[in-house]
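Read through the structure below, which is laid out as structure tokens, and then see the notes.
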Amino acid sequence: MQGAQALRQIRKQKRGNYIAGPAGKDGGLPYPNRLNFYAVPPKDEVSLEEFEQWAIDRLRVLGEIETCLFRNNSTGEIDATLKRLLEKYLPLSSNNSIPESERSKPKGFAGITNERKKDHYSHFILRLAFARSDDLRRRFTRTESILFRHRFTTDDTRERAEFMNSLELDSQPVSDAEKAQYADDLKAVLTSGSRMPAEKARQQFEAETYLKVDWDRVSDLVETRRVFLRGGKAYVPNSMLLSLVMAEFSKRLDDALIKTARVLPRLDEDDRLIPILNHLSKGFTAPEYNSSASPATLSGDAISAAQIDGLSVHFPLCMRNLHTAVRRDKHLKHFGRLQYGLFLKGLGLSIDEAIVFWRQAFSKFTDDQFNKEYRYNIRHSYGLQGAGRNYKPYSCQQILMEHPPGTGDNHGCPYRHFSPDNLNMVLGSIMGVEDRSVLQGVKQDVGAKKFHLACNRVFEHLHEKELKREKDANGGSSGRETIIHPNEYFDRSWSLKNPDKARKRENGGSSSQVKKEIKDEDVTMMSEWYRDTE
Amino acid sequence: MAPHSTGDDDGDDVMHDADAMQADANGVNETAPVKSEDIVVKDELEHMFDDDDDDDEIMVDDASAYRNSTNQTVKSAISNILSADPSDPEVMLQFYSRLFPWRQLFRWLNHAELPSTDFANREFAFTLHNEAYLRYQCYPTFETLRRDVLKLNPSRFEIGPVYSARPRDRKQVPKGSFKPLEKELVFDIDLTDYDEIRTCCSKTKICIKCWQFITMAIKVVDVALRDDFGFEHIMWVYSGRRGAHAWVCDKKARKLDDAKRKAIATYLEIIKGGSQSGKKVNLERPLHPHVRRSHEILKDYFRENILENQDPFRTEKQAERLLQLLPDRQLNEALREKWESTIDRPSDDKWRDIDEMAKSTTSKTLVPKVLLEHKQDIILEYSYPRLDAEVSKHLNHLLKSPFVVHPGTGKVCVPIDTSKLEEFDPDNVPTVMQLLKEIDQWKDPIKKEEDEPSSVGRVSDIEKTSLKPYHDLFSRFVKKLLDAERTVMVKEENLEY
């Protein structure tokens, strides 16, 4: 053991603190631009305290961004939140904030340089903490991109132009002749949806200049048909450059994180940093609904297929809709089965009961067809077949974002995927919601794209009495957060309507709850990492 | 290698030597061991879109996987001794050994003449006659593939992506380094997705009237892929029953990641929403150039293909659906009243009624421009392509190979000549039984005496059948693709120096 310890010491001395290194090249300011694409890793030394404090400050910002995303906040709302938060934790002033005469002197610039240094270093420290798993990388890129977008859009116009020039994006300007050639098409795309008068549209188009890039550099603009395409090139108006820059930002960050993940195991000798990084990545976990791990029991007994019709009064609209559809059609398409099946699994329906449930539900099929087409699928979703992955019930986020329903599909979130008329209809026919003010509120929520608020509104309406009782019992505070998972909706609905049984269950300790949890994947990664270092 | 009595199916003698060497070097592969762990019925919950959208509802008998036995079928009069069932293993075996264009398939997927990893690391997946599904098969050359197919005699097979290593070795390479790298960008259009708007047939049935949906879809998607995205090597293939697949084979298309595939699929998608979404086409104005061009193409077909042939607004319920899609309440009232008194008024007339009624209506809320826009949306809702987008979005989605036989219909999945798109009729696509019969009935026009070889040399089996034009079409497509690949390589080399 001592030998290993000594060896590690030597290696550490040889390589030094991996953040330290030769100082940046002399002459010129280290950070001429406020914005940073984080292409060059930091090279100066930092103290351990700074290392930790800077990282924690940045993490606060990223964590808040993730919370905003979870609440489905609009860009405007996120910007407002960020403005406040950034002033406190991660300020980044523009060059304009100091007098022109001071700018060329490193001393006069010192305050700004320190801000930018903190921004730069904290970004790279967090890269180390979050490169290690797919999930962490994805979330890091997403939140960092939003942070970058916020800063980019609030940047001074001239400084932004300078920054853009430093990026060297692979684009060609569109000549006036070419612009004239495609005038009709370009104008149509530019003014699409704005319903502006013809004269104003013409003026806006005249004033616009275009860049031509390979279409896949701006695939998000292509996806939403916000650019004109010809021969594999996308014609991007200057006003949409943000999208181009953002795509480049997240692409470069993704690539860099994967590279970082590859070298991570080689950084294993530093036992001062590992605990900090480890601690940091723990702090960055999204709230996730953790449905009951053991086969759940409501009243002490396992749930059987026969109970589902009765229990369905506690289901949120998306699941009641699927339940109604499967009873009506004797069939559900693939994603419908997945969404509903995993939900039922989350309720505690065992695999055997699940087979019984689906077999009875798909009554228009013969045993043979059922066994061939569906049995495997059901067993697969319980992790008993194929990849052996134990799939979790879908969260609202997943239902809203993944797999939008196509023709003949019944899955998805009705608040998001139904037309207003059909939504009102099913709210009445399936959930029994007729109250004008509630329907009006739902309409507003949906209009503002706050689908989970609409769902919570319906929940509160349907459990008005019970919620009041609970509030009274708790001395005036309900202490509950917004529901963000269909299974959470069910659990709360069931508990409210069956307070006695629910209490018994809670005492039994198998109650499910919303909590911050670390994914299994991360835990194993970390323990492996530790093993390597010992 | 299984001996077969006729000459090679498409005169591929050139390849034989290189081929044999390759086969020796990979001796292990020749026997193509079928490990029990490779046999799965379905895999990857997220990526299987099995029962809903797939073509194959007819299941073949639960016979055990057919293995090629030593007794070879006598060459003469094959079709006589075979059952008329295209799912008969013996029929499939004849087809694979005598008619399947192995050589061209190889060149198509290999992108060059000399065997490369483009082919060797490509996944093939077989559906055997007992419905077992065999994934992650791979072959260094077309001869080894052919040999294995003749041995396993699958009822059909699918083509997956090119991986970073040989799919068979996926468990030997370090975890995480076995990844899909490339695959053609594919599209799947299937008439089942049109069931709510097609009236002539439903489910697995198909006729020339509803085939027009596919024709229109091909027109709209093909031009978008070419003009907008700049792709050139696009092959459309009949899926064997009631749909078509597109294979976009340009190098750039093959390298697209999932996010970019999704971007293209979503760009092309304008019909949105599930069974309860109400109006499914809601476009912003002015229309995007792609949508405007699509509308230009489709509006000319709308009268004949939709209004006359499908007659989609005939019944009261159907007409009510049409009214739901129109913007003005008062106009709707007037139309409803008119149609109530003339039950069974054809869709064509009803469509015309809209404009006439709009002229005479007293409605103050009706804006002509809004009505026009809604009518455009309706035309698109009833004729715009309905793509199975999930198929296009994933690099590792498997798609049925061209030229396999559809087990339900016996029809060969032939490429479609888009320059004569209107002439394509699924009814005229040859079935495997018909092709085998054609081989039997073929007489060499030049041959003088019975046992003497023909003066122009051997005639391959494909030449004797109506599969030939499709085979030629495929060969021309492959040649163009290979020429382009060569140019790209030369260009890349020039850049290096």
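The values are calculated or read from the model by the stated rules, or taken from the named source; none is laboratory data. Bear in mind that the values here come from a model prediction, so they are computed numbers and not experimental data. Backbone-built Cβ (ideal geometry, glycine too); neighbour counts: all protein chains shown. Ligands, DNA and RNA are excluded from the accessible area calculation, which covers all protein heavy atoms including side chains. Shrake-Rupley method; radii C 1.70, N 1.55, O 1.52, S 1.80 Å.
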Problem set entry | Test: B:Arg261 is within 26 Å of B:Asp377 (Cα to Cα), crowded, with 17+ Cβ neighbours inside 10 Å and among the basic types (Lys, Arg) | yes
Seminar exercise, completed: Expected output for the range A:329-341 (first residue in contact (Cβ under 8 Å) with a residue 24 or more places away in the chain and of a type in the set (D, E, K, R), partner open to solvent by 10 Å² or more (accessible area, probe 1.4 Å) and part of a loop (DSSP other than H, G, I, E, B), Cβ below 7 Å, 6+ apart or cross-chain) is A:Lys330/A:Ser363; A:Lys330/A:Lys364; A:Lys333/A:Gly408; A:Lys333/A:Asp409; A:Lys333/B:Asp52
For this session: Among the helices (runs of 4 or more DSSP H) lying completely within the range A:390-502, list those that include at least 3 residues that are away from every other protein chain (no Cβ under 14 Å) and under 23 Å from A:Val326 (Cβ atoms).
Result: A:451-462, A:486-497
Seminar exercise, completed: Scanning the range B:288-304 residue by residue, those touching a residue at least 40 places away in the same chain (Cβ under 8 Å) and open to solvent by 20 Å² or more (accessible area, probe 1.4 Å) turn out to be B:Arg293, B:Ile297, B:Lys299, B:Tyr301, B:Arg303
For this session: Report, ordered by the first and then the second residue, all pairs with beta carbons closer than 7 Å, sequence separation of six or more or different chains, a first member in the range B:329-347 that is free of Cβ contacts under 8 Å to residues at least 60 places away in the same chain and open to solvent by 80 Å² or more (accessible area, probe 1.4 Å), and a second member that is of a type in the set (S, T, N, Q) and assigned to a loop (DSSP other than H, G, I, E, B).
Result: B:Gln330/B:Thr361; B:Gln330/B:Ser363; B:Gln330/B:Thr365
Problem set entry | Residues of the range B:104-134 classified as at pLDDT below 95 and of a type in the set (D, E, K, R), total | 2
Problem set entry | Condition broken by B:Lys369, with the remaining ones in (1) within 14 Å of chain A (Cβ to nearest Cβ); (2) part of a helix (DSSP H, G or I); (3) surrounded by 17 or more Cβ atoms within 10 Å (Cβ to Cβ) satisfied | (3)
Exercise. Given (1) at pLDDT below 90; (2) assigned to a helix (DSSP H, G or I); (3) open to solvent by 20 Å² or more (accessible area, probe 1.4 Å), where does A:Ser294 come up short, assuming only one miss?
Worked result: (2)
Seminar exercise, completed: B:Ile271 passes all but one of the listed conditions (1) assigned to a loop (DSSP other than H, G, I, E, B); (2) of a type in the set (A, V, I, L, M); (3) more than 12 Å from chain A (Cβ to nearest Cβ); the exception is number (3)
Seminar exercise, completed: Among (1) open to solvent by less than 10 Å² (accessible area, probe 1.4 Å); (2) in contact (Cβ under 8 Å) with a residue 40 or more places away in the chain; (3) not in a helix (DSSP H, G or I), A:Ile125 falls short only on (3)
For this session: Please state which one of B:Ser341, B:Ser294 is of a type in the set (Ser, Thr, Tyr) and at pLDDT 90 or above.
Result: B:Ser294
Seminar exercise, completed: Selection over the range A:59-93 where residues are modelled with pLDDT of 85 or more and in contact with an Asp or Glu (Cβ under 8 Å, 6 or more places away or on another chain) yields a count of 9
Exercise. Of these, A:Asp445, A:Asp472, A:Asp500, which one is open to solvent by less than 20 Å² (accessible area, probe 1.4 Å) and modelled with pLDDT under 90?
Worked result: A:Asp445
Exercise. Hey, does the range B:206-221 have a residue that's open to solvent by 10 Å² or more (accessible area, probe 1.4 Å) and within 14 Å of chain A (Cβ to nearest Cβ)?
Worked result: no
Exercise. Out of the range A:15-56, which residues are at pLDDT below 75 and small (Gly, Ala, Ser)?
Worked result: A:Gly16, A:Ala20, A:Gly21, A:Ala23, A:Gly24, A:Gly27, A:Gly28
Seminar exercise, completed: Taking first residues from the range A:182-205 that are more than 11 Å from chain B (Cβ to nearest Cβ) and second residues anywhere that are open to solvent by less than 30 Å² (accessible area, probe 1.4 Å) and among the hydroxyl-bearing types (Ser, Thr, Tyr), the pairs with Cβ under 8 Å that are 6 or more apart or on different chains are A:Gln204/A:Thr191; A:Phe205/A:Thr191
For this session: Mind listing whichever residues of the range B:403-445 are within 21 Å of B:Ala246 (Cβ to Cβ) and either of a type in the set (D, E, K, R) or free of Cβ contacts under 8 Å to residues at least 40 places away in the same chain (or both)?
Result: B:Lys411, B:Asp417, B:Ser419, B:Lys420, B:Glu422, B:Glu423, B:Asp425, B:Asn428
Exercise. Does A:Asp216 count as touching a Gly at 6+ places or on another chain (Cβ under 9 Å) and free of Cβ contacts under 8 Å to residues at least 40 places away in the same chain?
Worked result: yes
Exercise. Restricting the search to the range B:225-255, which residues are within 7 Å of another protein chain (Cβ to nearest Cβ) and buried (at least 22 other Cβ atoms within 10 Å of the Cβ)?
Worked result: B:Asp228, B:Phe229
Seminar exercise, completed: Checked the range A:50-88 for anything closer than 16 Å to A:His123 by Cα and free of Cβ contacts under 8 Å to residues at least 12 places away in the same chain; matches are A:Gln53
Problem set entry | Close pairs from the range B:99-125: first open to solvent by 30 Å² or more (accessible area, probe 1.4 Å), partner of a type in the set (Asp, Glu) and at pLDDT below 95, Cβ under 9 Å, at least 6 apart | B:Arg103/B:Asp8; B:Arg103/B:Asp9; B:Arg103/B:Asp10; B:Arg103/B:Asp12; B:Arg107/B:Glu113; B:Ala112/B:Glu485; B:Pro115/B:Asp19
Exercise. Yes or no: B:Cys138 over 22 Å from B:Val414 (Cα atoms) and open to solvent by less than 10 Å² (accessible area, probe 1.4 Å)?
Worked result: yes
Exercise. Is it fair to say A:Thr153 is surrounded by 19 or more Cβ atoms within 10 Å (Cβ to Cβ) and at negative phi?
Worked result: no
For this session: Filter the range A:195-236 for residues that are open to solvent by 30 Å² or more (accessible area, probe 1.4 Å), over 19 Å from A:Glu168 (Cα atoms) and under 29 Å from the mean Cα position of the chain (by Cα) and give the result.
Result: A:Asp220, A:Glu223, A:Thr224, A:Arg225, A:Arg226
Problem set entry | Among the candidates A:Ser437, A:Ser429, A:Ser381, A:Ser395, residue that is of a type in the set (Gly, Ala, Ser), under 23 Å from A:Lys333 (Cβ atoms) and open to solvent by 40 Å² or more (accessible area, probe 1.4 Å) | A:Ser429
Problem set entry | Unique residue being out of contact with any Gly (no Cβ under 7 Å at 6 or more places or on another chain), away from every other protein chain (no Cβ under 14 Å) and at pLDDT 80 or above when the list is A:Leu257, A:Leu267 | A:Leu257
